[in-house]
Every structure is written in C-alpha cells, then in structure tokens.
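Remarks on the structure that follows.
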Amino acid sequence: MPDILESPEHVLSTLERDGSRRWLYPRVSPGWYWRARRVVGVLLIALFVLLPHWRVGGKPALLLDVLHRQFTFFGITFLPTDTLLLALLMVSVFLTVFLATALFGRVWCGWACPQTVYMEFVYRPLERLFDGAPGQSNRRSVVRQVAKYATYLAISAALAHTFLAYFVGVDRLKVWLTQSPLEHTGPFAVMAITTGLMMFDFCFFREQLCLVACPYGRFQSVLLDRGSLIVAYDRNRGEPRGKRGPSLPILPDQPQGACIDCGLCVRTCPTGIDIRDGLQMECVHCTQCVDACDEIMDRVGQPRGLIRYASQNEVEGKPTGRFRARLVVYPVLLLAAVGTLVGLIATRSPVDVTVLRGQGMPFSVTEEGTIQNGLRVKLVNRLDRPVMLRIRVTGTREPVEFDTQDTVVRLEVGGVATQPVLVTAPRSLFVTGRADARIVVSDDTGWERDVACRLLGP
C-alpha cells in the first residue's frame with residue numbers, strides 16, 4: 001500500500017492535521033489599533049442598529065423590500081424597472097471595494113465587516129467575561145455556560161430583528177413584535193430561523209465564515225498588487241528569529257533579527273495564522289498582530305514596526321512607485337459610474353411611460369378604410385403620492401382618433417399599470433406602411449410626458 005502524504009500541522013488555521021476542528025481563543029492585545037478599531041466598531045454597531053430607523057424624505061434610509069421588489073437607498077426608491085440604475089449602483093459599490101482594497105488592503109474585513117465587528121466586540125468579549133481569558137478553563141462551570149449561551153441567544157435575537165428590519169421595514173417589524181406568534185406564524189418562523197442562524201454563526205461557525213464561506217479573501221489575489229497597503233511582517237529586519245534576554249545573550253558570530261519568536265502574534269490572531277509566513281488569504285487585516293508585536297518591541301527595547309501596515313515592495317526593500325495603473329483606472333470608472341447614476345436619477349421622470357405594441361395583429365382596416373393600431377401604455381408611479389394620469393394620442397401630420405374605455409388611470413405609490421389604447425388613423429397618414437404619432441401622458445399638476453410611437457399600416 002503506497003505511503004499517504006502527511007499533512008502539515010494545520011491544514012487550515014482552524015483544522016488540525018487529523019481533520020478535527022481547531023477552536024480559536026485569541027488573546028486580546030489592547031494596543032493603539034485595537035482601541036481605534038473598538039471605537040470604530042461601537043460606532044458601526046450603533047449605525048447598523050439605527051440605520052433602519054433613520055428616515056430620509058419620509059422613507060427609510062435603507063430598505064431592501066424583496067417581497068414588493070422595491071429598494072430604497074437614502075430616500076431614493078429603485079423599482080424593478082430600474083435595471084440600468086440598479087446595475088450602475090452595484091457597479092459603483094464593487095468599484096469602491098476594488099479601489100479601497102487596492103489602496104488599503106482588506107480594511108473592510110478587519111475594520112467594518114459586521115461579522116468581524118460583532119464577533120470581536122460583542123461575542124468574544126462576552127466569552128471572555130463568562131469563561132475567562134484564554135487558558136482559564138477553570139471558570140467554565142455549567143452555570144456560567146448556561147448564562148453565556150442565554151446571553152448569546154438574547155443578542156442573536158436582537159441582531160436577527162435588526163437584520164430583518166432592513167428587508168421588511170421597521171413598521172412591519174413592530175407589528176410582528178406586538179402580535180402573538182399565532183397571528184403571523186410565517187414571519188415568526190422567519191425570525192426564529194434567522195435567530196438560529198445568528199447563533200450558529202457566532203457560536204459555532206465563527207471565523208470560518210471568513211476563511212471558508214466568504215469569497216473576498218480569494219478575490220484579494222487579483223484586487224491587491226505589490227504596492228497595496230497590507231499587514232506585513234518585515235522579514236529583512238526580523239530574521240533570523242531567536243530568543244533573547246539576560247539568560248540568552250546574543251553571540252557576535254550568531255546574528256539575530258528583531259523577532260524573538262515569542263508567538264504572541266499567532267496567539268492574538270482571530271483567524272489563527274502566523275503573519276510571519278507572509279500574505280495569506282486568511283488574514284483579515286485586523287492589526288491585532290501589529291499591536292502584539294509593538295508591545296513586545298517596547299519590552300525588548302526595539303523600535304516598533306516589525307509588523308506594520310506596509311506594501312510588499314516596502315518590506316522587501318524594493319522601490320515603491322506612486323503611480324499604479326489601477327489607482328487611475330478604478331477612480332475614473334467609479335467617477336463615470338457614479339456620475340451617470342446621479343445624472344439619471346436627477347433627470348428621471350416622476351412617472352415612467354413606455355409604449356408597447358398590442359397583442360395580436362399589428363393593425364386592422366375598418367369598413368371606413370381607416371387603420372387601427374392596438375397599443376399598450378405601461379405606467380410606473382415613482383412619486384410618494386397617488387396620481388391621476390390622463391392619456392391622449394396626437395398625430396404628427398394629421399389628427400388621429402383614439403378610443404379607450406377609461407383614459408384616466410389612477411396609480412398608487414409605486415403602482416404599475418398597463419393601459420390599452422386603440423388608435424385610429426386615416427390611410428393618408430401612412431407612408432410605406434408607417435406613420436408617426438405621439439402619446440401624451442399628463443396629470444393635474446401640469447406635468448406632461450410626450451412619447452413618440454410608430455403606427456403600422458398597409
């Protein structure tokens with residue numbers, strides 16, 4: 001039987017060589033970056049909670065109403081017909097991520113991602129409160145464990161409700177909270193499942209969401225370049241590693257780097273990696289290893305910055321050019337996308353008017369010899385109030401007649417309606433089987449939209 005290749009010590013930072021789960025209990029290194037991240041984390045948690053309650057122009061600041069297919073961003077509502085606007089919005093978001101990554105690395109993952117913010121500044125502090133610091137397993141009594149998971153459950157339920165508020169709205173969520181679960185079994189099941197998923201994520205899956213499920217770490221190989229700012233270990237300064245201290249003097253013929261191989265940068269990493277191995281997919285740029293290393297450097301009397309924010313070129317002693325093509329391409333594309341998006345939003349009509357051909361025959365000839373065309377006028381109300389719309393048809397060279405059962409259409413907020421229109425035109429209006437006409441849609445406020453349409457004939 002052929003020999004089986006042995007795996008390294010850890011296949012992944014959360015997986016032992018025998019395939020079992022390696023649970024991570026990172027040590028806190030409360031340095032400058034950690035304190036800055038804590039301030040940012042607290043502000044972001046407040047923003048995540050308050051954003052669904054914030055109103056802009058009477059609308060939620062952010063509402064992703066998938067059920068009714070309406071998406072509101074800071075007072076601007078996008079409807080399913082806004083394909084181009086939604087596409088430009090998504091392109092702008094992705095380009096912003098690309099640009100931020102090219103400049104600052106995975107700053108989103110370590111500083112702003114809700115997974116990292118809640119894990120590092122809510123759930124892990126609670127874990128240390130109930131279980132003690134890493135290594136204090138004597139505090140893990142049954143009572144403490146029950147209290148810990150009861151607290152986790154309460155926080156997960158609050159997070160689940162906050163998360164759902166982004167999709168159903170605060171008003172509907174309040175109704176669900178004040179009613180008996182028997183009156184809304186479906187929404188109650190959704191809330192219960194979401195709470196369970198939160199518990200699973202923050203109590204069990206944890207950092208594996210970043211290492212296994214999230215694709216962003218895999219994207220960094222194409223989003224970063226050698227000039228991007230990353231959390232880097234200065235190998236030229238740190239190697240060769242070795243213990244040092246009063247009992248371990250440095251011999252003249254044995255040069256030693258600044259790294260004393262204390263391993264604190266590994267014990268404090270929330271994803272369990274060794275930053276000294278170089279740039280890795282698992283690194284979320286949380287800078288805990290930076291704070292840990294700076295603390296050790298202060299103790300041994302060495303300058304800080306052995307692990308720091310730097311580019312790969314910088315730590316390798318290579319020239320760091322300021323000009324990088326992606327730092328020009330990304331801003332230009334982002335400016336073009338945002339400019340186009342803002343222009344389209346600023347100039348879009350309060351009511352969308354689209355003229356469609358009627359179903360069936362393209363035209364018909366009446367007994368009087370006139371030509372009839374069946375058209376459909378699709379109307380979409382973008383205003384924050386109901387509107388009464390009137391439809392009329394005019395010819396470009398000769399008058400035309402139109403016949404509808406109801407030329408007045410009422411549209412509710414966000415309403416969509418398709419009004420059939422039968423247009424009758426004289427034969428003399430048609431040249432080579434075609435004639436131009438115009439459909440005019442107006443309301444009581446004086447607003448009017450003129451749309452050209454093509455009539456077909458013999």
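List of remarks:
- Where a residue in the stretch 98-118 is surrounded by fewer than 21 Cβ atoms within 10 Å (Cβ to Cβ) and at pLDDT 90 or above and its partner, wherever it lies, is of a type in the set (A, V, I, L, M) and in a helix (DSSP H, G or I), with Cβ under 6 Å and at least six apart: Trp111/Val40; Gln115/Leu209
- Close pairs from the stretch 56-75: first without any contact (Cβ under 8 Å) to a residue 60 or more places away in the chain and charged (D, E, K, R), partner in a loop (DSSP other than H, G, I, E, B) and surrounded by 13 or more Cβ atoms within 10 Å (Cβ to Cβ), Cβ under 9 Å, at least 6 apart: Arg69/Leu79
- Count of residues meeting criterion [in contact with a Ser or Thr (Cβ under 9 Å, 6 or more places away or on another chain) and part of a helix (DSSP H, G or I)] in the stretch 201-232: 11
- Condition check for Arg410 on (1) modelled with pLDDT under 85; (2) closer than 30 Å to Thr77 by Cα; (3) not hydrophobic (A, V, I, L, M, F, W, C): one failure, at (1).
- Pair list, Cβ under 9 Å, 6 or more apart: the stretch 165-190 residue assigned by TED's automatic domain parsing to the domain that holds Pro60 and outside any helix (DSSP H, G or I), other residue surrounded by 11 or more Cβ atoms within 10 Å (Cβ to Cβ) and among the aliphatic types (A, V, I, L, M): Gly169/Leu63; His184/Val175
- Condition check for Pro426: over 30 Å from Ala87 (Cα atoms) and not assigned by TED's automatic domain parsing to the domain that holds Gly58: yes
- Pick from the stretch 322-354, criterion within 17 Å of Thr101 (Cα to Cα) and touching a residue at least 12 places away in the same chain (Cβ under 8 Å), ranking: surrounded by the most Cβ atoms within 10 Å (Cβ to Cβ): Tyr330
- Residue match in the stretch 60-81 (condition: exposed (fewer than 13 other Cβ atoms within 10 Å of the Cβ) and under 30 Å from Val328 (Cβ atoms)): yes
Residue-wise test of (1) over 25 Å from Leu379 (Cα atoms); (2) under 18 Å from the mean Cα position of the chain (by Cα); (3) among the aromatic types (Phe, Trp, Tyr).
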site: Gly31; (1), (2), (3): yes, no, no
site: Ala46; (1), (2), (3): yes, yes, no
site: Arg55; (1), (2), (3): yes, no, no
site: Lys59; (1), (2), (3): no, no, no
site: Val66; (1), (2), (3): no, yes, no
site: Phe74; (1), (2), (3): no, yes, yes
site: Pro80; (1), (2), (3): no, no, no
site: Leu84; (1), (2), (3): no, no, no
site: Leu103; (1), (2), (3): yes, no, no
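- Scanning the stretch 141-157 finds no residues that are assigned by TED's automatic domain parsing to the domain that holds Ala36 and at positive phi.
- Residue match in the stretch 371-378 (condition: assigned to a loop (DSSP other than H, G, I, E, B), in contact with a Leu (Cβ under 6 Å, 6 or more places away or on another chain) and assigned by TED's automatic domain parsing to the domain that holds Asp450): no
- Test: residue in the stretch 395-406 that is surrounded by 17 or more Cβ atoms within 10 Å (Cβ to Cβ), touching a strand residue (DSSP E or B) at 6+ places or on another chain (Cβ under 7 Å) and at pLDDT 85 or above: no
The values are calculated or read from the model by the stated rules, or taken from the named source; none is laboratory data. On a predicted model such as this, the values are computed, not experimentally measured, just so you know. Every residue, glycine as well, gets a Cβ built from its backbone with ideal geometry; the counts of neighbours run over all protein chains shown.
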